[in-house]
Amino acid sequence: MFGPPPIHVLGSAPLVDQVVSGLREGERVAVQIPQDQLETIRPRRMRTLVLAEPSDPAAILACCSERRRVGRWSRGTPLRVILMHRRDPSPELPPLDPHHSLRLETFSVETRAARALLTAWPLHRGMDPRFGQVPHLLLAGFEHPAPAVLLQALRLIQYGEARPTVTILDIDPQRVAAILSKDYPQAGQIAELRFDRLDRPALEGLPPVTQAFVCLPDSLYRVVDTARSLAATIAQVQGVSPAILVEIGDSVADGEVGDWDGQIVPVSSIREVCRPGVLLDGVGDEMAQSIHRHYRDSIAAQGRDPDREPAGQPWETLPVSYRQANRHQADHLWAKLALTDCGAVAEEMVESFAFTPLEVERLAVIEHQRWAADRYLDGWTHAPERDNALKHHPQLIPYAELSESMKDLDRFAVRGVPSLLARSGLGVVRMLILAIADAPGAALDRRGQRRLLRPLLERLVRRYPDRALVCASTLGSALARQLVRAAMERAGAGLFWLLPEPIPDLLARQADSASRVDLLDLAARAERRIGFSGPVELERWQAERAEILVALDNRPETPTPAKRVRIGRRSLVWDFEY
């Protein structure tokens, strides 16, 4: 039996080599070919052609089109051509016949990498917007792909009415400010933009940094040293330890969990986009395609043919600008879920879901801000009358000033979130936040875990069958880690890592290296890391945000949620009906 046709890759080094390597690591058959051999390949063996930043993409497409026109290409199976270009905009290309069996897809490496980065590390991963915390993204260095990361962040950074902050550090901050002022003059409408020197950032009096991204042209060792210096500065000035993502390019990161500082995370944009799932299978676009199918269905329900409208074309032939609009809307769905303490699970695990009227109104404000940010970055400004040629729009005003009919458009988009997720096989479930108080020096043996932790989790699951359990803990004590690990392994619980002190101080208080590794292993699995100004703010968070507090029987009284479970020596004490 013959195997599947190989994926042919053509283009410029080093990108073409990275594409071939990434496809092969993903167990795909990839063959690199020079351009002058394109016409020698048997047509039936070429189904997918990846153009990795080729020198003359128009000529290659013309060659492929000509072969199809004269009948040398298989008429039964369209040729899929994926054109990878380093950054937007895509290169100028000749128009293709929509009925042609050549299917062209354009692929911006840096834009896709930025989306992947902020999907894995969304801006709310480093904060709790429902506790009044606001995003403060810090970019150290403005080498590519940092500009693409900034643009993606500005599209997603709205979590409430408080103004978010973006700080950009560079050896020449005035140069970066001038670039942004020229290319995106409306960016200041979206967030407070600050520009400062890389070697001496001034962070006093600013909102705590919630996430940082380091992208410098230096060697990997110097980049890591910069990240460590930045972590120390943030901890000293602001008392917090945000995640610091470090762009490592095509370098390979290795090491054990015990070597980790809990803060610096290596990321590789080029490796991410060369994975088969991203490059070939549309991973990351599933929700955007669901949104587009919903739009096509809406057009058809109105008695119109979606294929006759530019924005209604099938995804495979949809212009890039419309694809991007769907992607931007899809990427912000997760922020909306975070703002309502909800998560997405397999649809069969939950029943129907609807946001409350208060949630709809709160999310409608955010949706309008997201829409406005997209317009601002595209060069639109406010004007009383709409003018597409001049990019004037009357709705670029605060949500409160919109007419009720305009507000209803945002409300409609918000109410449709559960339906959009359902089209991708996902359902919405509300979280049950379980705060776990520290118990220094306390731990349970295996018998104690069976007698206390297992019944605790089993009763919570029975009492709240329609909720998703989330543990909130500093992970500072052995007992807390035992409970978190049991909840994650036995009840599929999520984890919010609470940090009332800088991470180095937390790690230094661990009794031994085994405790340190145990803490870091759990921390690496946290879906949120939430920093606080100290233990008083932590206790206030537990009282306001958690639904249940789990504590040792001898823990001193502090402000806590109304519901509490005490862990005694031999039994559990419930302060509420379970």
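Within region 393-411, residues that are within 19 Å of residue 381 (Cα to Cα) have Cβ atoms under 6 Å from residues that are loosely packed, with under 11 Cβ neighbours inside 10 Å in these pairs: 394/384, counting only partners at least 6 apart in sequence or on another chain.
Residues that are in contact (Cβ under 8 Å) with a residue 12 or more places away in the chain and either crowded, with 22+ Cβ neighbours inside 10 Å or farther than 22 Å from residue 429 by Cα (or both) within region 512-525 comprise 513, 515, 516, 517, 518, 519, 520, 521, 522, 523, 524, listed in sequence order.
Among the residues of region 125-178, those identified as within 26 Å of residue 542 (Cβ to Cβ) and assigned to a loop (DSSP other than H, G, I, E, B) are 127, 128, 132, 133, 134, 135, 159, 160, 161, 162, 164. In this structure, residue 276 does not satisfy being under 26 Å from residue 416 (Cα atoms) and in contact with a helix residue (DSSP H, G or I) (Cβ under 6 Å, 6 or more places away or on another chain).
Look through region 224-252, keep the residues that are within 24 Å of residue 18 (Cβ to Cβ) and in contact (Cβ under 8 Å) with a residue 40 or more places away in the chain, and return whichever of them is surrounded by the fewest Cβ atoms within 10 Å (Cβ to Cβ).
Among those that are within 24 Å of residue 18 (Cβ to Cβ) and in contact (Cβ under 8 Å) with a residue 40 or more places away in the chain, it is 250.
Any residue in region 24-42 that is in a helix (DSSP H, G or I), under 30 Å from residue 252 (Cα atoms) and at pLDDT 90 or above? Within region 24-42, one or more residues are in a helix (DSSP H, G or I), under 30 Å from residue 252 (Cα atoms) and at pLDDT 90 or above.
Can you find a residue that is among the β-branched types (Val, Ile, Thr) and either in contact (Cβ under 8 Å) with a residue 60 or more places away in the chain or farther than 22 Å from residue 85 by Cβ (or both) anywhere in region 8-17? No, there is no match, as no residue in region 8-17 is among the β-branched types (Val, Ile, Thr) and either in contact (Cβ under 8 Å) with a residue 60 or more places away in the chain or farther than 22 Å from residue 85 by Cβ (or both). Take residue 194 and decide whether it is of a type in the set (Lys, Arg), surrounded by fewer than 21 Cβ atoms within 10 Å (Cβ to Cβ) and within 30 Å of residue 496 (Cβ to Cβ). When the stated conditions are applied, residue 194 passes them.
So, in region 250-307, exactly how many residues are modelled with pLDDT of 90 or more, hydroxyl-bearing (Ser, Thr, Tyr) and assigned to a loop (DSSP other than H, G, I, E, B)? Adding up the residues that qualify gives 1.
Hey, any hits in region 267-277 for a residue that's of a type outside the set (Val, Ile, Thr), closer than 30 Å to residue 142 by Cα and in contact with a Leu (Cβ under 6 Å, 6 or more places away or on another chain)? For region 267-277, residues of a type outside the set (Val, Ile, Thr), closer than 30 Å to residue 142 by Cα and in contact with a Leu (Cβ under 6 Å, 6 or more places away or on another chain): present. Checking 469, 499 one by one, the residue that is under 28 Å from the mean Cα position of the chain (by Cα) and touching a residue at least 60 places away in the same chain (Cβ under 8 Å) is 499 and no other. The number of residues in region 504-518 that are in contact with a Gly (Cβ under 8 Å, 6 or more places away or on another chain) and either in the same structural domain as residue 124 (by TED's automatic domain parsing) or assigned to a helix (DSSP H, G or I) (or both) comes to 5.
The values are calculated or read from the model by the stated rules, or taken from the named source; none is laboratory data. For clarity, every value in this text was computed on a predicted model and none was experimentally measured. Cβ: placed from backbone, ideal geometry, glycine included. Neighbour counts: every protein chain shown.
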